[in-house]
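The values are calculated or read from the model by the stated rules, or taken from the named source; none is laboratory data. Keep in mind that this is a model prediction, so the values were computed, not measured. In this analysis, Cβ positions are derived from the backbone assuming ideal geometry, glycine residues included, and neighbour counts consider all displayed protein chains.
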Amino acid sequence: MKRLISLTVNGQQYDVAIEPRQSLLQVLREELHLTGTKEGCSEGECGACTVILDGKTVDSCLIFGLEANGRNILTIEGLATSEALHPVQQAFADFGGVQCGFCTPGMILAATALLESNPNPTEEEIRWGIAGNLCRCTGYVKIVEAIKSAAQRTRTTATSAD
């Protein structure tokens with residue numbers, strides 16, 4: 001029997017009827033048609049399904065949709081504006097931190113959460129910040145370079161806005 005939940009995704013309120021066993025990943029992709037969040041392993045091992053739930057990164061394949069009731073979720077679709085890419089997205093594009101692209105949404109959200117909590121991370125902190133996200137194509141060098149650049153851009157933008 002379906003249950004009605006309310007959740008805020010990318011700043012937009014949704015009321016949706018879901019099956020109790022649906023994961024947050026399934027709710028996002030199948031009910032809300034937000035397909036930027038990818039399904040990789042369905043076991044919380046790869047990070048392809050990473051979203052930001054109430055300010056913290058989670059593997060959406062491990063969270064029941066019912067647990068998202070009343071909560072705020074940020075997916076890859078919620079980062080860019082109509083005017084520009086988010087600084088992390090832009091850095092990934094500029095530094096070639098993307099190859100097949102399958103891990104990219106989760107990797108970008110993990111990097112975004114890291115930079116929100118630590119705007120000046122060391123390389124080691126960056127590697128720890130993305131540790132739950134697996135990439136089988138890039139070898140991580142360009143991803144780490146992109147995150148370093150995004151951190152610098154974000155700090156520069158914040159400084160010039162003050």
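Among what's in the stretch 55-66 and is closer than 17 Å to residue 34 by Cβ and of a type outside the set (A, V, I, L, M, F, W, C), pick the residue that is farthest from the chain's Cα centre (by Cα).
In this case the residue turns out to be 65.
If you check 38, 56, which single one turns out to be of a type outside the set (Gly, Ala, Ser) and surrounded by fewer than 21 Cβ atoms within 10 Å (Cβ to Cβ)?
Unique residue meeting the criteria: 56.
Which of the numbered conditions does residue 108 fail, given that it passes all the others? Conditions: (1) over 13 Å from the mean Cα position of the chain (by Cα); (2) buried (at least 21 other Cβ atoms within 10 Å of the Cβ).
If we test residue 108 against (1) over 13 Å from the mean Cα position of the chain (by Cα); (2) buried (at least 21 other Cβ atoms within 10 Å of the Cβ), just (1) comes out false.
Name the one entry in 55, 101, 78, 106 that is modelled with pLDDT under 95 and either among the polar types (S, T, N, Q) or under 23 Å from residue 153 (Cβ atoms) (or both).
Exactly one residue qualifies, and that residue is 101.
Of everything in the stretch 9-34 that's more than 17 Å from residue 62 (Cα to Cα) and polar (S, T, N, Q), which residue is nearest to the chain's Cα centre (by Cα)?
Applying the filter and picking the extreme gives 10.
Could you tell me whether residue 63 is in contact with a Leu (Cβ under 8 Å, 6 or more places away or on another chain), in contact (Cβ under 8 Å) with a residue 24 or more places away in the chain and more than 27 Å from residue 18 (Cα to Cα)?
The answer is no for residue 63.
Return the only residue of 156, 75 being of a type in the set (Val, Ile, Thr), out of contact with any Cys (no Cβ under 8 Å at 6 or more places or on another chain) and free of Cβ contacts under 8 Å to residues at least 24 places away in the same chain.
156
Please specify each residue of the stretch 9-20 satisfying the condition of being in a strand (DSSP E or B) and surrounded by fewer than 15 Cβ atoms within 10 Å (Cβ to Cβ).
Answer for the stretch 9-20, where residues must be in a strand (DSSP E or B) and surrounded by fewer than 15 Cβ atoms within 10 Å (Cβ to Cβ): 12, 13, 15, 17.
Evaluate the following for residue 6: is it closer than 24 Å to residue 115 by Cβ and more than 16 Å from the chain's Cα centre (by Cα)?
Here the answer is no, as residue 6 does not meet what is asked.
Starting from the stretch 109-136, keep only residues that are at pLDDT below 95, then list their pairs with residues that are part of a helix (DSSP H, G or I) whose Cβ atoms are within a distance under 7 Å, requiring at least 6 positions of separation or different chains.
132/110; 135/107; 135/143
I need the full set of residues from the stretch 46-62 which are within 16 Å of residue 104 (Cα to Cα) and in a loop (DSSP other than H, G, I, E, B), in order please.
Answer for the stretch 46-62, where residues must be within 16 Å of residue 104 (Cα to Cα) and in a loop (DSSP other than H, G, I, E, B): 46, 47, 48, 49, 60.
Within the stretch 10-25, can one find any residue that is more than 30 Å from residue 156 (Cβ to Cβ), touching a residue at least 60 places away in the same chain (Cβ under 8 Å) and charged (D, E, K, R)?
There is no residue in the stretch 10-25 that is more than 30 Å from residue 156 (Cβ to Cβ), touching a residue at least 60 places away in the same chain (Cβ under 8 Å) and charged (D, E, K, R).
When the residues of the stretch 59-101 are narrowed to those that are of a type in the set (Val, Ile, Thr) and surrounded by 15 or more Cβ atoms within 10 Å (Cβ to Cβ), which ends up farthest from residue 133 (Cα to Cα)?
Only one residue tops the list, namely 73.
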